[in-house]
Structures are given as C-alpha cells and as structure tokens.
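> Quick one: this structure, given as structure tokens, is what I'll be asking you about.
Bear in mind these aren't lab numbers, they're just calculated from the coordinates by the rules spelled out. Being a predicted model, the structure only gives us computed values, none of them experimental. In this analysis, Cβ positions are derived from the backbone assuming ideal geometry, glycine residues included, and neighbour counts consider all displayed protein chains.
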Amino acid sequence: MIPSIKSSFLTLCFCFLFSFTCWTKTTPAQAIDSILIERPLTYKSINDQLKFFQRDSTQVKDAILRFTKEKYFTAASYEYIKLGNIYRKHALHTKALEMHQEALIYAKKASNQEFEIFSLNMIGVDYRKMNAYESSIDFHAKALTIAEKINNHSNGILRSKEVSYNSIGNVYILLEQYKLAIESFKKASAIAAESGNRWSVSINNENIGKTYEKIGEYDEAIFYVEKALDIDTDLGNHFGRMICYNRLASIYLKKNNAQKAEEYIEMAIPIAKSVNSDFYNLLISINKGKLAFAYKNYEEAETIYLKSLEEAQEKDLKDLQTNLHRYLSILYEANDKPSEALMHYKKHQALETELTGLKKAQYINDLIIKYESVKKSEKIKNLSAENRISELKHERQENIWIIISVLAGLAVISIYLFYRQRQLKSERNILDLEQRLMRFQMNPHFIFNALNAIKLHVIQNEKKNAVYYLNKFSKLMRKILESSLSKQVPLTEELETVALYLQIENIRFNEQITSTIDIKTDYNLEEVPVPSLFLQPFVENSLWHGLLPKEEGEKVISISVLEQKNHLLLEVKDNGIGRKQAAIAKSKKELRKKSVGITITKELLANFYKKHRYDFSISYTDLLDATNNSEGTLVSIAIPKK
C-alpha cells in the first residue's frame with residue numbers, strides 16, 4: 001500500500017512540474033504581444049525578448065506582418081534584418097539583400113539611427129557576398145559616417161562599427177590586400193572588446209587567422225583561431241566552434257599534419273550536421289577529401305571531390321568550383337591519370353581567369369560609375385557657380401545705375417564709398433568663385449582616361465599593376481579633393497601631388513616617361529604656402545606639348561627647387577620637341593582648343609601674391625644644342641619664400 005501511495009505521489013509531482021513548465025514557456029505570439037506594449041527602441045532590448053524564435057523564417061515572417069500592421073517600425077526593421085540573415089546563411093544573397101533593404105526602409109520610417117546603421121552594414125555584407133566590392137565599401141562607409149556623428153556610442157552603435165570594419169576587412173581579403181584586412185579585423189576586434197561582445201571578438205580572431213593562413217603564416221593563423229575557439233567554447237557557440245575546427249583542419253593540412261587535421265574534422269562534422277548549414281557541410285566535405293588525399297586514399301578523395309563539385313555547381317559557388325577543379329587535377333596527376341588531370345586543370349584555369357576578370361573589372365566599373373556620378377554633381381556645382389557670378393555682375397550693373405540716379409551734392413562722396421565697398425566685395429566673390437571653377441574643371445578628362453588606363457591592366461590580368469596604380473590614383477584623388485577645400489597648401493604637399501600626377505600620367509604614356517623631383521635647398525618648404533594645384537598646368541604642358549610628340553629617344557621631365565635671396569625657384573624642365581616645334585605641330589591640327597590653364601594659373605598667382613613684399617615671376621627658356629637644335633624647354637617660376 002505504501003509503495004503504491006509513493007508512486008502515485010511522484011507521478012502527480014511530475015505531472016504538476018510538466019504542466020507548470022508548459023504554462024510558463026513563452027510563445028512567439030505572447031512575446032510579440034508583450035513587446036508591442038513596451039515598444040523598446042534598441043537592438044539589445046528587442047533581441048532579448050524575441051531572439052528565441054529568430055531561426056524560424058515562418059515565425060519571423062508572421063512577426064513582420066504583425067509589427068507593420070501595428071506600425072511598430074523599429075521591430076519590423078529588426079525582423080527584416082533577421083530574415084535577411086537567414087537567407088544569407090543559406091547562400092541566398094539576392095533575397096538577403098532585398099530583406100535588408102526593407103530593414104533600412106523601416107529603420108528610416110522609425111527615425112532609428114541604430115537600426116539604420118545596422119541595416120546599412122547588412123546591405124554592405126550582402127554586396128560583399130555578391131562580389132560587388134565598391135558597393136559593399138560604400139554602404140559600410142555610410143554606416144560609419146552616421147555612427148561617428150553620434151556622441152555617446154551605445155553597445156548597438158559600437159556593434160555596428162565593428163561590423164563595418166569586419167566586412168571591409170573581408171573585402172580587402174577578396175582584393176588580396178591582406179595587411180589592410182588584418183588591420184581592419186583588429187580594429188573590429190578592439191571595438192567588440194570595448195563593448196564586451198566576446199562573440200564578435202571570436203569572429204574577428206577567426207578572420208585574422210584566416211588571413212594569416214592565406215599569406216602562409218600558419219603559426220600566427222593557429223594562434224588567432226585557437227583564441228577564437230576558446231571564446232566559442234566558453235560561450236557554448238557551437239556554430240563558431242565548427243568554423244574554428246574546420247579552419248584549424250585546413251591549416252594543419254597545409255602544414256602536412258594530417259593526423260591533427262583529422263581530429264578537427266571529426267569534431268566539426270557532428271556540429272555541421274546539427275546546425276544544418278549546407279555551405280559549411282560542403283567546406284568540411286572538401287577538407288575530408290583533402291585528408292583522404294593526404295592519406296593517399298585516392299578513390300575516397302575522388303568520390304568526395306566529385307560530389308562536392310556537383311553541390312558547388314548546383315549552388316553556383318564559383319570560388320569553390322575553381323578550387324575543386326585544382327584539387328581534382330592534383331589528385332589525377334598523383335593517380336597517374338594525365339588526361340583527367342589536364343581536363344580539370346584547364347577548367348580550373350578558365351574559372352580562375354573568369355573570376356579574377358569579373359571581380360576586378362566590376363570593382364573598376366563601380367569606380368567609373370561612381371566617378372561619373374561625382375562628375376555630374378560637380379557640373380551642377382559649376383553651373384550654380386556660373387549663375388552666381390552672372391547674378392553678381394548683374395547686381396553690380398544695377399548698383400551703378402542706382403548710384404548714378406541718387407548722386408547729388410554732398411551725398412556723392414558717401415554714396416560713392418558705399419558703392420565702392422559693394423563693388424570690391426562683389427569682385428572678391430567673383431574671384432573666389434572663379435578659383436573654385438578652376439579647381440572643378442581642371443581634371444575631369446584626366447581622371448576618366450586614367451581610370452580606363454587602369455582598367456586595361458585589369459582586363460590584361462595584371463593584378464599587381466592594377467592594385468598599385470589604384471592606390472596611387474586614390475591618393476591623388478584624395479589630395480585633389482583636400483586641396484579644393486583650401487586656397488593654399490604647403491609647397492611640400494604641392495610637390496607630392498605633382499609626383500602622384502606624373503605617376504598616373506605615365507600609365508597613359510606606356511611607362512615611357514622618366515620623371516624626377518630634386519630639392520636643392522635646405523629651406524623648410526613646409527613653411528612656404530602656395531596656391532593649390534598651381535604646378536599641374538606647367539607639368540601638363542611639358543608632357544603633352546613637349547614629350548608626347550617626341551618620336552625618338554628617352555623622354556625626361558624634371559622638377560627642381562632652388563633657393564635665391566628672397567625667392568624659391570621652381571624649374572620644370574623637359575627634353576621634348578621645344579616650343580617652336582610644338583607651336584608648328586599645334587598649328588597643323590584641324591581643331592585647336594585654346595588652353596587657358598596657364599593663363600588662369602598666372603591670374604591665380606597674381607592674386608595670391610598681390611599684397612606680398614616680393615612679386616612672383618614666370619620665364620621660359622628654349623634649350624638648344626651646339627647646332628641650335630631644340631633640346632627641350634625650361635620653365636622657371638620664382639615665388640616669394642614667405
């Protein structure tokens with residue numbers, strides 16, 4: 001009797017506990033009802049209440065419908081971000097982009113900067129996954145710009161800054177700029193540590209390890225991946241552990257330590273199956289193929305590689321297809337099957353060429369499109385400036401008639417002084433606008449031609465040259481943009497800008513130009529202010545009218561800085577055809593465009609030094625040999641020291 005009572009009592013307790021557990025468990029609908037009452041505005045507060053059902057796309061879609069109906073736009077933005085992340089996890093990048101664009105729309109409707117920044121970052125990640133690198137960097141830069149304007153950074157804002165740097169680092173990896181990638185990941189990791197986000201610290205450590213793996217520094221790679229693994233283990237992050245296990249397996253395979261690699265693969269496999277990630281299951285499968293090859297189990301390796309290749313083709317993962325064709329080529333060569341080895345090698349080469357061309361050309365085309373947009377914007381500014389000049393001139397003429405009509409008696413003097421003051425102010429405004437016009441109009445054809453010259457390197461698959469000249473071009477553009485914001489710069493900076501200009505122009509001369517800048521004085525050029533971009537027209541004249549028509553011999557241009565008593569002497573010297581031959585060549589052209597660059601520059605210098613104790617001067621010297629044949633031209637520009 002007693003055992004029966006005890007058994008019944010235990011059964012009753014169990015049923016009560018089970019019923020209590022079921023009763024206290026919150027459903028998605030209940031969580032949504034609750035949050036609609038409070039309507040929190042930060043990512044953390046929303047995520048704390050809704051994260052438990054965010055892996056279920058059906059539940060997320062239901063939440064979106066509810067939140068949009070109730071006009072709770074912040075939560076709608078949150079759910080669109082989560083839905084986009086689900087699509088991206090399954091490599092459905094176009095759908096992910098659409099969802100994240102919706103998230104941005106609702107963030108703006110809610111006037112919520114934290115979610116606007118978050119959405120911009122997610123769009124940047126989507127574009128990176130789709131190989132649209134310029135667009136990716138643009139959206140991350142927009143996110144960083146908004147974040148930097150906020151004085152007190154919440155954890156959500158810090159998280160968004162970390163995502164920006166992380167994704168920019170991944171773009172640098174794709175562009176093979178590995179040192180820049182590591183710098184970006186380390187910035188991201190520092191921000192994550194500042195906000196106490198250990199999960200993000202882990203992600204960035206794994207990315208740093210991945211980058212070191214790509215440059216062959218395997219010990220550094222292992223160090224950072226193991227740091228990430230320690231954090232993921234501590235946090236119970238199974239997905240992160242799986243990524244780290246697979247990364248360590250890949251590194252140890254490259255170190256020819258198959259036994260260690262096998263240990264990590266075995267640890268990664270059950271997690272990959274449990275999280276149901278097709279992409280990472282495929283990556284782990286490829287590592288299993290590499291492991292079989294390392295153990296010389298060629299039949300097993302072949303089976304795994306071919307199955308993985310089929311999956312990669314189904315999912316249109318061209319990077320993985322490229323690698324798998326290379327692995328199969330190596331496998332068949334080792335297995336004494338030359339025809340199969342050659343076939344897969346050719347497919348590997350074809351895909352690699354296609355990928356390289358597409359990625360680099362797309363990046364350059366993005367730059368050209370962006371430049372065209374900037375060019376249109378500058379044209380609008382030019383038209384606005386011209387209209388303003390016209391208005392000022394018209395206003396000045398009107399003032400003349402007003403003054404003439406009111407001249408009388410003793411009032412003549414006061415009226416004249418008033419008019420004179422207005423006239424001088426108007427002239428200053430006109431001069432300032434004309435200088436701005438000169439800056440806007442100086443470089444458009446040069447920029448467009450330079451971009452197309454760089455694009456030619458890309459089309460010809462000269463990756464190093466393309467990246468080298470892109471870096472030079474970006475520095476030149478930055479200097480031009482910075483100089484447009486100020487009327488004067490130090491002489492050292494002007495010389496740096498001219499040096500970059502010569503390097504870019506040399507691409508268009510097929511590297512035929514030899515250029516030097518020789519500073520023959522100890523005078524501190526940092527203390528010498530000059531008008532920004534004033535040297536460029538003289539250098540351009542030497543290049544295009546002196547050196548370009550020269551058909552034979554070395555083409556040389558040199559810039560020298562010498563010291564005189566009260567002046568610094570800048571000499572631009574070329575060994576071109578000379579002014580006489582240049583004038584003859586120009587006169588033979590059917591269409592002759594008048595060059596105003598030098599004229600405007602002289603006016604600019606005259607205005608710049610008009611109140612100076614010492615004036616400037618410009619002189620030209622025709623260089624002749626013993627038989628009076630031209631050996632080039634020397635332009636001497638004397639400017640006051642201070």
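> Quick one: plug the Kirkwood hydrodynamic radius of segment 516-640 (C-alpha pairs) into Stokes-Einstein at 20 °C, 1.002 mPa s, and report D in µm²/s.
135 µm²/s
> So, one more: Magnitude of the Cβ-charge dipole of segment 516-640, K/R +1 and D/E -1, about the Cα centre, nearest 20 debye?
My answer is approximately 760 debye.
> Report the calculated FRET efficiency for E263 and D234 (r = Cβ-Cβ distance, R0 = 22 Å), to the nearest 0.05.
According to the calculation, E is roughly 0.60.
> So, one more: Any idea what the relative contact order of segment 516-640 is, in percent, if you count C-alpha pairs under 8 Å spaced at least 6 apart?
Result for segment 516-640 is 28 percent.
> Give me the distance between the Cα centres of segment 167-197 and segment 491-508, rounded to whole Å.
Computed from Cα coordinates, the inter-centre distance equals 31 Å.
> Cα convex hull of segment 51-158: how many Å³ per residue?
Per residue, the Cα convex hull of segment 51-158 comes to 94 Å³.
> Subtracting the Cα-Cα distance from 0.36 nm times the residue separation, let me have the gained length for E217 to V275 in nm, one decimal.
17.8 nm
> Using θ = phi - 60° and the Karplus relation 6.51 cos²θ - 1.76 cosθ + 1.60, list the HN-Hα couplings for segment 272-287 in order, rounded to whole Hz, with x at every Gly or Pro.
4, 5, 6, 8, 6, 9, 4, 5, 6, 4, 5, 4, 5, 4, 5, 5
> For K95 and N471, what does the FRET efficiency come to when R0 = 45 Å and r is the distance between their Cβ atoms, rounded to the nearest 0.05?
0.80
> So for the pair L306, I402, with labels modelled 7 Å out along Cα→Cβ, what separation do we get in nm?
Each label point lies 7 Å from its Cα, and together they span 9.0 nm.
> Considering the dipole of segment 516-640 built from charges on the beta carbon (Lys and Arg +1, Asp and Glu -1) around the Cα centre, which of G632, V528, N607 is farthest to its positive end?
It is N607, whose Cα lies furthest towards the positive end.
> Could you size up the charge dipole of segment 164-252 around its Cα centre, putting +1 on the beta carbon of Lys and Arg and -1 on that of Asp and Glu, and report it in debye to the nearest 20?
Result for segment 164-252 is approximately 200 debye, rounded to the nearest 20.
> Using 0.36 nm per residue of separation minus the Cα-Cα distance, give me the extension gain between E527 and I584 in nm, one decimal.
Working it through step by step, the gained length comes to 16.4 nm.
> Give me the net charge for the shell around S154: Cβ to Cβ below 10 angstrom, other residues only, Lys and Arg +1, Asp and Glu -1.
With Lys, Arg at +1 and Asp, Glu at -1, the neighbours total +1.
> Of the listed peptides 522-531, 245-254, what is their order by residue-averaged count of other C-beta atoms within 10 Å, with the highest listed first?
Highest to lowest by the protection proxy: 245-254, 522-531.
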